[in-house]
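The values are calculated or read from the model by the stated rules, or taken from the named source; none is laboratory data. Nothing here was measured: the structure is a model prediction, and the numbers come from that model. Please note: Cβ atoms are built from the backbone with ideal geometry, for glycine as well, and neighbour counts cover all protein chains shown. To get the accessible areas, we keep the full protein, side chains included, count just its heavy atoms, and leave off ligands, DNA and RNA. Shrake-Rupley method; radii C 1.70, N 1.55, O 1.52, S 1.80 Å.
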Amino acid sequence: MSEIISKAGLRELAKEWIAQGKVVAGPVQTKPGLVMYAKLASADEIVWEGFVRPANSVKEFVFPRHELLCTYKMEGNRVELANDGAEIPAQILLAVRPCDAAAFPILDHVFNWDCRDELYNRRREATTVIALACESHDESCFCTSVGLSPQAERGSDVMLFDLGEEYEVRSLTDKGRALFAGKAQPSERTAPTYMGPDPRFNPEQVKQFVDGQFTSPYWQEATLACLGCGACAYNCPTCHCFDIVDEGNSQHGKRVRNWDSCQFGQFTLHASGHNPRPDQGSRQRQRVLHKFSIYPEKFGEILCTGCGNCTRNCPEGQGMLTLLTGIEHA
Amino acid sequence: MPDIYTPDLMEVVNVRKQTPDVKSVRIQFQNKARASQFDFRVGQFGIFSAFGSGESTFNICSSSNWKDSLEFCFRKVGRVTEALWRVEEGDTIGFRGPYGNGYPVEKWEGKNLIFLGGGIAMPPIRCAVWYALENREKYGNITVVYGARTVADLVYVDELAEWAKRDRVRVIQCVDPGGQTSDWKGEVGFVPTVFERAKVAAENSVALVIGPPIMIKNTLPVLEKLGMGPDSIYTSLENRMKCGVGKCGRCNAGPVYVCKEGPVFTMEQLQKLPQDY
Ligand SMILES: Cc1cc2nc3c(=O)[nH]c(=O)nc-3n(C[C@H](O)[C@H](O)[C@H](O)COP(=O)(O)OP(=O)(O)OC[C@H]3O[C@@H](n4cnc5c(N)ncnc54)[C@H](O)[C@@H]3O)c2cc1C
Ligand code: FES
């Protein structure tokens, strides 16, 4: 048996969460035609329908694009370091797409294998994910090609399904149940299953190709249009490469980590001038290799949720899907 | 909350200018408790930082038997190394590590050791040579072939002379043609050629080859001719790194995280990896 909550009731609930001092984030129309995940100043800002998915990914609430590692202060030849002791407030990510929610357990692997990244974990643990099942897709979507679906529950604490005037509420974890306890009513109604896009490629085939055809001219030919801007990676729910830099002067400042991307030429440039990945062909190949071969081999999961943001944000209209569907004819 | 990216604070106890653009720096933990816990394997690396300029990856080039301090040696090539160039005794710098796998020195026991290095590759070889000399009974003959562009570019020259005096150690120094001075007593030529001319017996040996890709490429056929298999030839990769702990995605070479599974690989392992280093 499942539960329902009225749409007005959910809005009230979101207001309550904000009033309690929780950070609540969800899809917000930031300018005409552009919906982005953002922190809500008020529960009314959230956009529930009328778009396929936000143009960014929700990962930045757990893995910010710019994050303090420590501050330093120099006096004479002594240095003092301090860590960011700030409490991370409880945060609720609301109306998240299943392809964003699924990225969290996938990212958990890399941030916890071998040694734990506490900066990531403290945000992750403070986060509750309330996903909203998709009811539409566009030509960039390909969740069904990577083992997910418009109703995929992976990474969500609660799944919502649109029933018209109400949402069906499926609480999946204790964290999720705690948020909706006493707020949702028992119900017999369940949402029909929306099938989403037809599968577009076979990830096993992609792995075989990138492993076996590392030097294929395909990588160069298929990426001639790539500008190396990194928009695909920055808006990807699973891309997690970062850089560590100092900001400050010789007296005081901070050490921070910033998002980075394997699409940038400097990414692998050695001090000797040698660059193992000297062109966009090898850089895009690396993105495919990491997502469909390295990560599955190491952590048992594809590092891609099929959200299609790489294509939606690409100034050349390319992205993963173009590259991966092309493999069949390579 | 201390995290995996916050460095230890280190006091600079010694700085030596090795060449016009290479310095070696010896450092000590300011936190004495940390110093007594610290241990590493030769061949591992660290991430060193000049606060305000950032972090850089260098091999730890002291022997793991030297408990009171650590040493690294770097060439001035960019932002961080320019800043480190300016540090003096008494200054404070940052260190994270040790990272990476290091050399399989236990597996090398009972073998003759051949070290082939070019340019700034001396630091990662130096720690292994000292380690072997300090455990002399465990290793056979030691051969070091070390080359630089010019005489002025050779690093740790005093130590090369010191090793050459030891029992069962042969040290061959060379400079590129044109890089010699009138009083140069070493060889003239590139490392692979000089090594071939030296006719080193390669039975029961392991080789550690570190240097620019072109040097490694030209050295491998010579080692093969001597009968050495790809499982007995080692190198240390220098894929660009940031985190050192398998998170930031910078160092991948095919399926491996070089910072975790490397940087030390046998040629046999490298042959299975795609050309991504
Ligand atoms: C495992 C490992 C071990 C290493 N061990 C050692 C070691 O023992 N010793 C050592 O010396 N190095 C070592 N390196 C290489 C070392 O990490 C780099 O040389 C160092 O990080 C460069 O840092 P930087 O900030 O000074 O250079 P950056 O400022 O980051 O410069 C990087 C690139 O920019 C170029 N560049 C910088 N400034 C300029 C400029 N003004 N004009 C044009 N181009 C410029 C450089 O040529 C270089 O290609 C190692 C690397 C790895 C991965
Ligand atoms: S250096 Fe960051 S993953 Fe290896």
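Kindly provide the helix-only [θ] at 222 nm of chain A, computed as the sum of -39,500 (n - 2.57) over DSSP H runs of four or more divided by all residues, to the nearest 500 deg cm²/dmol?
-6500 deg cm²/dmol
What lysines does residue A:15 reach when the alpha-carbon gap must be under 20 Å and sequence neighbours fewer than 8 apart in one chain are set aside?
Result set, ordered by chain and number: A:7, A:39, A:175, A:183.
For chain B, count the residues as N, evaluate 2.2 N^0.38 Å, and divide the Cα radius of gyration by that value, please.
In units of the 2.2 N^0.38 Å rule of thumb, it is 0.98.
Counting Lys and Arg as +1 and Asp and Glu as -1, each charge on the Cβ, what is the dipole of chain B about the Cα centre in debye, to the nearest 20?
The calculation lands at about 200 debye.
I need to check one value: relative contact order of chain B, counting alpha carbon pairs closer than 8 Å and at least 6 residues apart, in percent.
Reported relative contact order: 17 percent.
If the range B:186-277 were replaced by its equivalent ellipsoid, with semi-axes equal to the square roots of 5 times the Cα gyration tensor eigenvalues, what would those be, largest first, whole Å?
Equivalent-ellipsoid dimensions as semi-axes: 28, 14, 10 Å.
Kirkwood hydrodynamic radius, computed over distinct alpha-carbon pairs, for the range B:8-99: how many Å, to one decimal?
13.0 Å
Do any GluC sites (Glu not before Pro) in the range A:13-60 lie in a loop, going by DSSP, with at most 14 other beta-carbon atoms within 10 Å of their beta carbon, and if so which?
Hits after loop and neighbour filter: A:49.
Quick one: Kirkwood hydrodynamic radius for the protein assembly as shown, alpha-carbon pairs, angstrom, one decimal?
Value: 26.7 Å, from the Cα pair sum.
Given A:173, B:232, B:53, which one lies farthest toward the positive end of the charge dipole of the protein assembly as shown, if we put +1 on the Cβ of every Lys and Arg and -1 on the Cβ of every Asp and Glu?
It is B:232.
How high is the FRET efficiency from residue A:118 to residue B:164, r the C-beta distance, R0 56 Å, rounded to 0.05?
The formula returns an efficiency of 0.70 here.
Under the rule that a partner needs its Cβ under 4.7 Å from the first Cβ, which Cys of chain A have none?
If one checks each Cβ against the other cysteines of chain A, A:70, A:115, A:134, A:141, A:143, A:226, A:229, A:241, A:262, A:304, A:314 turn up with nothing under 4.7 Å.
Output the direction-averaged projected area (hull surface divided by four) of the convex hull of the alpha-carbon atoms of the range B:112-236, in nm².
Averaged projected area of the range B:112-236's Cα convex hull equals 7.1 nm².
Straight-line reach from residue B:32: which lysines have a Cα under 26 Å away, not including same-chain ones fewer than 8 places off?
Candidates past the 8-residue exclusion: A:73, A:254, B:23, B:67.
Roll a 1.4 Å probe over the protein chains and send me the accessible area per residue for the range B:112-236 in Å².
Ligands and nucleic acids excluded, the figure is 42 Å² per residue.
Could you give me D for chain A, from Stokes-Einstein at 20 °C and 1.002 mPa s, where the hydrodynamic radius is the Kirkwood radius over C-alpha pairs? Units µm² s⁻¹, please.
So the translational diffusion coefficient is about 100 µm²/s.
Modelling each spin label as a point 7 Å along the Cα-to-Cβ direction, I'd like the residue B:231/residue A:15 distance in nm, to one decimal.
Between residue B:231 and residue A:15, the label points sit 7.2 nm apart.
With +1 on each Lys and Arg Cβ and -1 on each Asp and Glu Cβ, how big is the dipole of chain A about its Cα centre, in debye rounded to the nearest 20?
With Lys and Arg at +1 and Asp and Glu at -1, about 500 debye.
At a Cα cut-off below 17 Å, give the aspartates and glutamates reachable from residue A:298, other chains included and same-chain residues fewer than 8 away excluded.
Correct list for residue A:298: A:108, A:114, A:204, A:211, B:261.
Using r as the Cβ-Cβ distance of residue B:151 and residue B:68, and R0 as 45 Å, what FRET efficiency do you calculate, to the nearest 0.05?
0.90
Would you work out which of A:143, A:269, A:182 lies farthest towards the positive end of the dipole of chain A? Charges go on Cβ: Lys and Arg +1, Asp and Glu -1.
My answer, from the dipole projection, is A:269.
Could you look at chain A and say what percent of its accessible area is carbon and sulfur, using a 1.4 Å probe and all protein chains?
51 percent
At residue B:268 and residue A:22, where each label point lies 7 Å from the Cα along Cα→Cβ, what is the point-to-point distance in nanometres?
5.6 nm
Shielding of A:56-62 by partners, i.e. mean partner chain Cβ atoms within 10 Å per residue?
That works out to 0 on average.
Hey, what did the range B:1-110 get for relative contact order, percent, Cα under 8 Å, at least 6 apart?
For the range B:1-110, the relative contact order is 35 percent.
Quantify how strongly other chains surround peptide A:68-74 by giving the mean number of their Cβ atoms within 10 Å of each of its Cβ atoms.
That average works out to 4.
Could you order A:36, A:159 so the one with the most accessible surface comes first? Probe is 1.4 Å.
A:36, A:159
Contour minus end-to-end for residue B:185 and residue B:16, with contour as 0.36 nm per residue of separation and end-to-end as the Cα-Cα distance?
Additional length available on full extension: 58.5 nm.
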